[in-house]
Amino acid sequence: MAKKNTPDKNGIVFSTDPEFVFQGDGHSASETPPPAKQRLRIVLDTRHRGGKTVTAIIGFTGKFDDLEILGKKLKQYCGTGGSVKDGEILIQGNQTVKVRTLLLKEGYKV
């Protein structure tokens with residue numbers, strides 16, 4: 001049985017109106033701007049991770065698929081694990097130098 005309603009970012013989970021349709025944000029369907037027009041930030045983060053250090057890349061705008069592709073490139077270049085969650089790329093460990101090098105080579109502003 002398929003879900004009729006899916007939750008959105010505004011907190012709406014259920015509607016009793018059978019004709020109700022969630023309105024999309026439009027961010028996920030927008031085109032990804034070229035790398036030269038994007039400004040990414042590299043942040044070291046240890047909060048809620050059991051003391052483990054994670055390099056987070058935030059500030060990406062565009063399609064989620066393009067974010068996943070960039071995340072995969074970064075993980076392969078750094079030789080570590082990581083993930084893409086909530087619009088940010090998480091790379092395990094302190095990889096700021098390698099991440100900065102690859103992003104500058106790809107044309108992003110860091």
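The values are calculated or read from the model by the stated rules, or taken from the named source; none is laboratory data. Just so it is clear, the model here is predicted, and its values are computed rather than measured. As a convention, Cβ positions derive from the backbone with ideal geometry for all residues, glycine included, and neighbour counts pool all protein chains shown. The area values use the complete protein model at the heavy-atom level, side chains included, leaving out ligands, DNA and RNA. Shrake-Rupley method; radii C 1.70, N 1.55, O 1.52, S 1.80 Å.
Amide H contacts of Lys63 (H built 1.01 Å from N, in plane; Pro and chain starts excluded): Thr32 sit under 5 Å, all sequence-distant by 5 or more or on other chains. Karplus-derived 3J(HN,Hα) values for the range 77-84, using 6.51 cos²θ - 1.76 cosθ + 1.60 with θ = phi - 60°, are 5, 7, x, 10, x, x, 7, 10 Hz; glycine and proline are entered as x.
Checked against a 21 Å cut-off, the cross-linked pairs Lys52/Lys75; Lys72/Lys105; Lys52/Lys98; Lys52/Lys105 give Cα-Cα distances beyond that limit for Lys52/Lys105.
In a DSSP loop and with at most 12 other Cβ atoms within 10 Å, the trypsin sites (Lys or Arg not before Pro) in the range 52-100 are Lys52.
The 3J(HN,Hα) values that the Karplus relation (6.51, -1.76, 1.60; θ = phi - 60°) gives for the range 43-48 are, in residue order, 10, 8, 9, 10, 5, 6 Hz. Gly and Pro appear as x.
For Leu70, the solvent-accessible surface with a 1.4 Å probe is about 10 Å², rounded to the nearest 10. Average accessible surface for the range 49-88: 56 Å² per residue, computed with a 1.4 Å probe over protein heavy atoms with every protein chain in place. Full extension of the segment from Thr46 to Phe64, taken as 0.36 nm per residue of separation minus the current Cα-Cα distance, would add 4.0 nm.
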